[in-house]
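Below: the structure, in structure tokens.
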Amino acid sequence: MDEGVLLLLVGAILVASLGVALVAARAGVPALVAFLVLGMLLGSDGPGGIEFDDADLARQVGVIALAAILFEGGLSTSWRRLRQVAVPAALLSTVGVLVTALVTGAAAHLLFDLSWAESVLLGAVVSSTDAAAVFATLRYTHISRRLARTLEAETGGNDPMAIALTIGLVDWVQEPDFGLWDLGTLLLRQLGLGLVVGAALSLVAMWAFAHIPPRIGTFAPVASLAAAALAYGTADVVGGSGFLSVYFVGLAVGSTPSRYRRQLVSFHEGLAFLAQVALFIVLGLLVFPHDLPGVAAAGLALAAVLMFVARPAAVWTSTAFQRFTTRERALLGWAGLRGAVPIVLGTIALSSGIRQGETIFNAVFFVVVVSVLVQGVTLESVARRLGLVTTAPAVEPPPLEVDALGGLELVDFHVSPEDAIAGAAVREVGLPRDALIAVVSRADETIPPRGSTVIEPGDRLYVLLPRGRRPDLEDVFSRWRRRV
């Protein structure tokens, strides 16, 4: 294909992606589904007429895109915010994945013409919540901070577990000598090596990003891309989980006080959006609508079992000895969104040559679409019914006279318990260079902030900045409000 035609095609697809994302946002439909539909329309069964059936290439695109999405998810949070939910998140990422795979596999054996091994493989493929879907949904909902952080930490950890389980079960289907011992060894190796490599490279990354000299500051995004690539590649080459490693390194970079943090977050936000576009369009191209009616009824039934039986069972089993209320467990069960990860894992089954690979892939497509449309759209309304959302803060008069500030203006920000900024130090907030936090109002006390001042839930921050810079500050506020 001519270079000009190729660039024209890429540009047109990106413009179409922005358009469908805007329409989806206004209609209340998750953008992930809109991208999938766009890919199907561009495919051989749609008006686009693009012939694409390369499952291996789709898997490779999926792996790279997921690595970018997981790194951005880790970058946008910090170790401090995830420490309090580390235990329940780890249990959901391991025990929860196993329970989901077994329960869903049992249902798949009844619904599809699959052997027991192939049924459990299908269960493993859909056992992981999806980073792209969860990160995108949590950023625009108002559920309690502890639950949001649990879900985000879970989705960063259960992808490696589901991937290792899927690979092991594919080997089990294809190799008669592959047994439970081999599967357990594979899981331990993937998670253990991924954790070790991620921890080691996290220490290196934290030192490096704290010492990047200003002379090469514009190249900080290049350094973060290198960190992400090294994290995934090193772990994968030694037989560990690259996804676990890249998420840990993203957390480390995001937790490191650095003058470049705001620059890095903005860059990786855009990169993650581009990764989502590429990922879902390629996966949409791989779906052939004429093959779907044959598995539609069974696929919808499997999605219902996953949402109403398997996921709640996984949550209650994993959190049995954790301090969650019944309502909180109910919301965790409903928030198990599926998305790109199951479809990428479906490409592994499809490209491995197993007998029912196409059936597994098409069933996964139904599960993902139903999960994102039903659970993603209703998550906040369910949380509201359960009484697990926050309320808007009351308006308070500013502690400074605005008229006396000349060409400056004072903007206030109320810190909710669910906001990402809660628990951060003032030096970590990532304000523009010509803006500063002038006053922190805490209960009946007015605090002159220092760099080490820790921002607490309930604080009201008064930010001083030049008039006309309000749009830049709103971008910062949007990051502060993220539920992580």
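The values are calculated or read from the model by the stated rules, or taken from the named source; none is laboratory data. What you see is a predicted model, and the numbers here were worked out from it, not measured in a lab. We place every Cβ from the backbone using ideal geometry, glycine too, and count neighbours over all the protein chains shown. Only protein heavy atoms, including side chains, enter the accessible area calculation; ligands, DNA and RNA are left aside. Shrake-Rupley method; radii C 1.70, N 1.55, O 1.52, S 1.80 Å.
Taking residues in segment 314-337 that are closer than 17 Å to VAL95 by Cβ, and partners anywhere that are of a type in the set (Phe, Trp, Tyr), the pairs with Cβ atoms closer than 8 Å and at least 6 places apart or on different chains are ARG329/TRP316; LEU332/PHE324; GLY333/TRP316. Residues in segment 255-274 that are among the aromatic types (Phe, Trp, Tyr), open to solvent by 40 Å² or more (accessible area, probe 1.4 Å) and either free of Cβ contacts under 8 Å to residues at least 40 places away in the same chain or not in a helix (DSSP H, G or I) (or both): PHE273 alone.
Could you look through segment 380-419, keep only residues that are small (Gly, Ala, Ser) and under 29 Å from LEU332 (Cβ atoms), and pick out the one that is modelled with the lowest pLDDT? Even if it seems obvious, please write down each step before you answer.
To start, the set of residues in segment 380-419 that are small (Gly, Ala, Ser) comprises 381, 383, 387, 392, 394, 404, 406-407, 416.
If we keep only those that are under 29 Å from LEU332 (Cβ atoms) as well, we get 381, 383, 387, 392, 416.
On the way: SER381: 86, ALA383: 85, GLY387: 87, ALA392: 49, SER416: 83.
My answer is ALA392.
Just one of the numbered conditions (1) at pLDDT below 95; (2) of a type in the set (A, V, I, L, M); (3) open to solvent by less than 20 Å² (accessible area, probe 1.4 Å); (4) farther than 27 Å from LEU122 by Cβ is not true of ALA231: (1). For PRO342, the conditions (1) modelled with pLDDT of 85 or more; (2) open to solvent by less than 20 Å² (accessible area, probe 1.4 Å); (3) in contact with a Gly (Cβ under 6 Å, 6 or more places away or on another chain) are fulfilled apart from (3). Among the residues of segment 234-254, just one is surrounded by 23 or more Cβ atoms within 10 Å (Cβ to Cβ), of a type in the set (S, T, N, Q) and assigned to a helix (DSSP H, G or I), namely SER245.
Can you tell me which of VAL295, VAL277, VAL287 is farther than 30 Å from THR218 by Cβ and either open to solvent by less than 10 Å² (accessible area, probe 1.4 Å) or touching a Gly at 6+ places or on another chain (Cβ under 8 Å) (or both)? Quick ask: steps written out before the conclusion?
On the way: VAL295 fails: either open to solvent by less than 10 Å² (accessible area, probe 1.4 Å) or touching a Gly at 6+ places or on another chain (Cβ under 8 Å) (or both); VAL277 fails: farther than 30 Å from THR218 by Cβ.
Going through VAL295, VAL277, VAL287 in turn, the sole match is VAL287.
When VAL23, VAL5, VAL15 are screened for being among the hydrophobic types (A, V, I, L, M, F, W, C), open to solvent by 70 Å² or more (accessible area, probe 1.4 Å) and farther than 20 Å from LEU274 by Cβ, only VAL5 passes. Filtering segment 204-214 to residues that are of a type outside the set (Val, Ile, Thr), within 21 Å of SER266 (Cβ to Cβ) and open to solvent by 20 Å² or more (accessible area, probe 1.4 Å) leaves MET206, ALA208, ALA210, PRO213, PRO214.
Is it fair to say ALA278 is without any contact (Cβ under 8 Å) to a residue 24 or more places away in the chain and not acidic (Asp, Glu)?
Values: without any contact (Cβ under 8 Å) to a residue 24 or more places away in the chain: no; not acidic (Asp, Glu): yes.
Judged against the criteria, ALA278 is not a match.
Going through LEU91, LEU42, LEU32 one at a time, which residue ends up being under 27 Å from VAL249 (Cβ atoms), open to solvent by 30 Å² or more (accessible area, probe 1.4 Å) and touching a helix residue (DSSP H, G or I) at 6+ places or on another chain (Cβ under 8 Å)?
The match here is LEU91.
Here GLY74, GLY96 are screened, and the one residue that is under 26 Å from the mean Cα position of the chain (by Cα), at pLDDT below 90 and open to solvent by less than 40 Å² (accessible area, probe 1.4 Å) is GLY74.
Against the conditions (1) under 22 Å from the mean Cα position of the chain (by Cα); (2) closer than 28 Å to ALA275 by Cβ; (3) surrounded by fewer than 24 Cβ atoms within 10 Å (Cβ to Cβ), SER371 satisfies every one except (3).
Here GLY430 passes the criteria (1) touching a helix residue (DSSP H, G or I) at 6+ places or on another chain (Cβ under 8 Å); (2) at pLDDT 90 or above except the one numbered (2). For segment 171-185, taking the residues that are out of contact with any helix residue (DSSP H, G or I) (no Cβ under 7 Å at 6 or more places or on another chain) and within 17 Å of GLY357 (Cβ to Cβ), the one that is surrounded by the most Cβ atoms within 10 Å (Cβ to Cβ) is identified as ASP171. Listed here are the helices (runs of 4 or more DSSP H) enclosed by segment 22-129 that have at least 1 residues being within 28 Å of ALA153 (Cα to Cα) and small (Gly, Ala, Ser): 31-42, 55-75, 86-111, 116-125. For segment 438-475, the set of residues classified as in a strand (DSSP E or B) and open to solvent by less than 40 Å² (accessible area, probe 1.4 Å) consists of ALA438, VAL439, VAL440, SER441, ILE447, ARG460, LEU461, TYR462, VAL463, LEU464, LEU465, PRO466, listed by residue number.
State all residues of segment 308-330 that are of a type outside the set (Gly, Ala, Ser) and within 17 Å of VAL120 (Cα to Cα); if no residue qualifies, say none. Passing the criteria: VAL309, ARG311. State whether one or more residues within segment 178-194 are under 20 Å from ALA101 (Cα atoms), more than 21 Å from the chain's Cα centre (by Cα), hydroxyl-bearing (Ser, Thr, Tyr) and assigned to a helix (DSSP H, G or I). Yes, there is a match, as at least one residue in segment 178-194 is under 20 Å from ALA101 (Cα atoms), more than 21 Å from the chain's Cα centre (by Cα), hydroxyl-bearing (Ser, Thr, Tyr) and assigned to a helix (DSSP H, G or I).
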